[in-house]
Amino acid sequence: MEEFLRFYDSIKNHHRGWSLEIYYSSILDWNITVGYSADHPWHGRHIIHVQDCDRDLAFAKAQVLLKEWLLDKEGGY
């Protein structure tokens, strides 16, 4: 979890208008969503979304997906 949060923290200022939501419940497992914030024209769209019962795996998947999205859509991170 800490590694994902450090990575997100390092890039968030270059990508204004993003939101990060982390949620856990025994029914829905760990949910991590990076999307566009309410003040962004694309509000409601998700950049990445991960759901997994294993916390460490969920955060690792989220970091990989976010890095892949950045490489594909932004040319890098």
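For the chain, what does the accessible surface come to per residue with a 1.4 Å probe? Please give it in Å².
On the way: 5130 Å² over 77 residues.
I get 67 Å² per residue for this part.
Treating the angle as unsigned and between 0 and 90°, give the value, to the nearest 10°, between the Cα long axis of helix 2-11 and the longest Cα principal axis of the chain.
10 degrees
When all protein chains stay in place, what accessible area (Å², nearest 10, 1.4 Å probe) is found for Asp54?
That residue has around 70 Å² of solvent-accessible surface.
Once both labels are modelled 7 Å past Cα along the beta-carbon direction, what's the Leu71-Asn31 spacing in nm?
2.9 nm
Please give the peptides 4-11, 20-27 ranked by average Cβ packing (other Cβ atoms within 10 Å per residue), highest first, as a rough proxy for protection. Could the numbers behind the result be given before it?
Values: 4-11: 14.0, 20-27: 10.6.
Top to bottom by mean Cβ count within 10 Å: 4-11, 20-27.
For the chain, give the percent of accessible area contributed by carbon and sulfur heavy atoms, probe 1.4 Å, rounded to a whole number.
Numbers: 2540 of 5130 Å².
Summing carbon and sulfur atoms, their accessible area is 50 percent of the total for the chain.
With labels modelled as points extended 7 Å from the Cα through the Cβ direction, what inter-label distance (nm, one decimal) is found for Lys12 paired with Ala38?
Here the answer is 1.7 nm between the modelled labels.
The values are calculated or read from the model by the stated rules, or taken from the named source; none is laboratory data. Computed from a predicted structure; not experimentally measured. Here the Cβ is made from the backbone with ideal geometry for all residues, glycine too, and neighbour counts use every protein chain on show. Ligands, DNA and RNA are excluded from the accessible area calculation, which covers all protein heavy atoms including side chains. Shrake-Rupley method; radii C 1.70, N 1.55, O 1.52, S 1.80 Å.
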